Structures are given as structure tokens and as C-alpha cells.
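The values are calculated or read from the model by the stated rules, or taken from the named source; none is laboratory data. Just so it is clear, the structure is predicted and the values come from calculations on it, not from any experiment. With ideal geometry, Cβ positions are generated from the backbone for all residues, glycine too; neighbour counts draw on all protein chains shown. Accessible surface is based on the protein model in full, side chains and every heavy atom, while ligands, DNA and RNA are left aside. Shrake-Rupley method; radii C 1.70, N 1.55, O 1.52, S 1.80 Å.
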Amino acid sequence: MTHEKLCKVLFDLNVNQILFYGDSLTESMYTAFMNKLGDNVHVKPGGYEGSIVCTKNDGGNSSSLRYEINVLHERDKGGNAFPHSPRGVYEISNISQAFISNTSLSESAIGIFNIGAHYHNFSHYREDMDIMLQSLSLLNRPQDIYFFRSTSPGHEGCEPRNRNFDWTKGLQVTPLKSYKEYHVSSNKFDWDKFEHNNAYTKQLIATHNKEGRGAPIHFLDIYNMTVLRHDGHAAPADCLHYHNPGPVDWWNHLLFTYLEHLSKGATA
């Protein structure tokens, strides 16, 4: 993903708004996305709203037109941090709904959504997934492009084994070689439930799309490639989040590849 290629794809798809809506892992994806574009973005104070600055040729003339694509990240309030902590209420906020809807009928918004890391009760997860899908359907924006990003688990024992370690370079320095090396047991974060929740969501979204309820939702599956990234975690006590730049950059490369594929169909 480069700035120039991303601008072309977004122009071909007629996109003028991009929303990242979810938990702290979605925040990491948003941050990596904006960082990847370097000096070609404007970020407002607070860090969670900005724009991508693009240019396009003016009808084949030598001059070019400058335009901006708005980008917003917002945290949802669903789930609960620990199994016995209070459950939050999931909803797509009025701010995010208004942001998505702030386009004409000829323009599209991209929405990247996720829930999962803060869910310990499967019935709560199912209920909040239903709320998400119903909320997106009620927006009645068939021209939009929505993604659900699967949830990647943490890695037990990601901390280095000695104190002579440069924390600025991440934690473990070597990725796993195959899925057979990955192991997660049930712990206070319930990381072992993520794979089942992802599989359920993939099937739920397929049914949603088959029934034609609103804009199709694309399943952005980052689980398999991220589960190998035992390396690069963010801090000594954090084996879920990643150092930035790091493995989360590849989530955005996958997103771009998906958008590029969709743009080829839009311009065919």
C-alpha cells in the first residue's frame, strides 16, 4: 500500500469517507494506516480524526486537483474487559453513523468494523453482532463498502527470557514458522475463544450478504497470518497489542489488496 496507489483505488471506488470502528486493536489498525501514509495525511488534535490528501489530473490537462478523504476512528463500548467486569452497551455511535452518511448517493464510505477481544460470553457476542449488522442495514447505503476484521489472539509467553532486551524493538524477534507452533490456553482474556467467534462471524456475514440486507460486508480475515506473529508485541505486560510499525501494517496491506480488487470491478 502506497499513498499514490491508495488514492487511485479510492478515486476509482468514489470513496470520500473511511471509518475505523471497534476496540483498541482497531485503534492500532487506524494508527498504522495513517502512519503508513506519512506526510500525506492531516490529523486533527486528539489523533483520531483526519484526512488523506490526494491529487488527480484535471481532465487530462497538466494541472491537478487536490482533494481530501476524511478518516475517523472511534471506539465502541461493547463487551467487557474481564469475564466478571460490567458489560458495556454496544452500538454504532451517532457520530460514526453521521460520518458514514455524510456523502451523496453517488459517493461511498468505507467502514472497517470489529468486535471480539472484549467478549467472554458467546451469547453477548452474538447479540452485539446482530446489533452491528442491523445498524448497518438501517443506514440503507448499498453503495458503501463495509469490512469486518477478524480478531487476532495474543501469545502466551511473548515476553523475553532475560532483562537484557531492547524493548524499543518489540518483544520476541522471531515469528512462528507454522500454525502447529501456536498454542493458547483458556486464560483471563479468553484468547482461546477468538477462533470460534471468527468462524461464527464469517458464516453470519455470509448469511447476511445472501439475504441482501444492506451493503455487502466483506470478511477481512487477518487471523491466520497474525497468529504466527509471536514477535513484535507492544510492551512487557502486553502480549495482545503490537509495536507500531509492526504486524498490524499487514492488516492494512490486506485491506488495500481487497479494495484494489474491488476497484478493478468498479472500473471494468
How much of Met1 can a 1.4 Å solvent probe reach, expressed as accessible area in Å² and rounded to 10? 30 Å²
So who's got an amide H within less than 5 Å of the one on Leu220, skipping anything under 5 residues away but keeping other chains? H placed 1.01 Å off N, in plane. Phe148, Arg149, Ser150
Got a number for the accessible area of Trp250? Probe 1.4 Å, square angstrom, nearest 10. 140 Å²
In nm, the gap between the two label points placed 7 Å beyond Cα toward Cβ at Asn57 and Asn140 is 4.0 nm
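In what order, largest first, do Glu91, Glu127 sit by accessible area if the probe radius is 1.4 Å?
If we order Glu91, Glu127 from most to least accessible, we get Glu91, Glu127.
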Hey, can you grab everything whose amide H is under 5 Å from the amide H of Ile18? Only 5+ residues off in sequence or another chain; H modelled, so Pro and N-termini drop out. Asn70, Val71, Leu72, Ile110
Extension reserve of the Tyr179-Lys8 stretch, reckoned as 0.36 nm per residue once the Cα distance is removed: 58.0 nm
Is the C-alpha gyration tensor of the chain telling us rounded, prolate or oblate? Criteria: a/c under 1.5 is rounded; beyond that, a/b larger than b/c is prolate, otherwise oblate. oblate
Keeping all protein chains in position, work out how much accessible area Asp231 exposes to a 1.4 Å probe, and write it in Å² to the nearest 10. 10 Å²
Treating only the Cβ atoms of Lys and Arg (+1) and Asp and Glu (-1) as charged, compute the dipole magnitude of the chain about its Cα centre; round to the nearest 20 debye. 280 debye
Select from His124, Ser150, Val15 the residue farthest towards the positive end of the dipole of the chain; place +1 on Cβ of Lys and Arg, -1 on Cβ of Asp and Glu, and compute about the Cα centre. Ser150
Computed from the beta carbon distance with a Förster radius of 25 Å, FRET efficiency for Asp130 and Glu49 to the nearest 0.05 stands at 0.30
Return a whole-number percent for the relative contact order of the stretch 1-93, with Cα pairs under 8 Å and 6 or more residues apart as the contact set. 27 percent
I need the shape label for the stretch 177-246. Rule: rounded when a/c is under 1.5, else prolate if a/b > b/c, else oblate, with a, b, c from the alpha carbon gyration tensor. prolate
Note, Val41: beta-carbon cut-off 14 Å, +1 each Lys/Arg, -1 each Asp/Glu, net -1
Protein-only accessible surface order, largest first, of Leu65, Leu19, Leu228 at 1.4 Å: Leu65, Leu228, Leu19
Pairs of Cα atoms under 8 Å, at least six residues apart: use those to get the relative contact order of the chain, whole percent. 22 percent
Report the calculated FRET efficiency for Glu260 and Asp39 (r = Cβ-Cβ distance, R0 = 22 Å), to the nearest 0.05. 0.45
By the C-alpha gyration tensor axes a ≥ b ≥ c (rounded if a/c is under 1.5, else prolate when a/b exceeds b/c, else oblate), the shape of the stretch 1-139 is prolate
May I ask what percent, to the nearest 5, of DSSP beta bridges between residues of the chain are antiparallel? 40 percent
Under a cut-off of 19 Å between alpha-carbon atoms, report the aspartates and glutamates in cross-link reach of Lys193, not counting same-chain residues fewer than 8 places apart. Asp23, Glu127, Asp128, Asp130, Glu156, Glu181, Asp221, Asp238
Net charge near His196, counting Lys/Arg +1 and Asp/Glu -1 over other residues with Cβ under 12 Å of its Cβ? 0
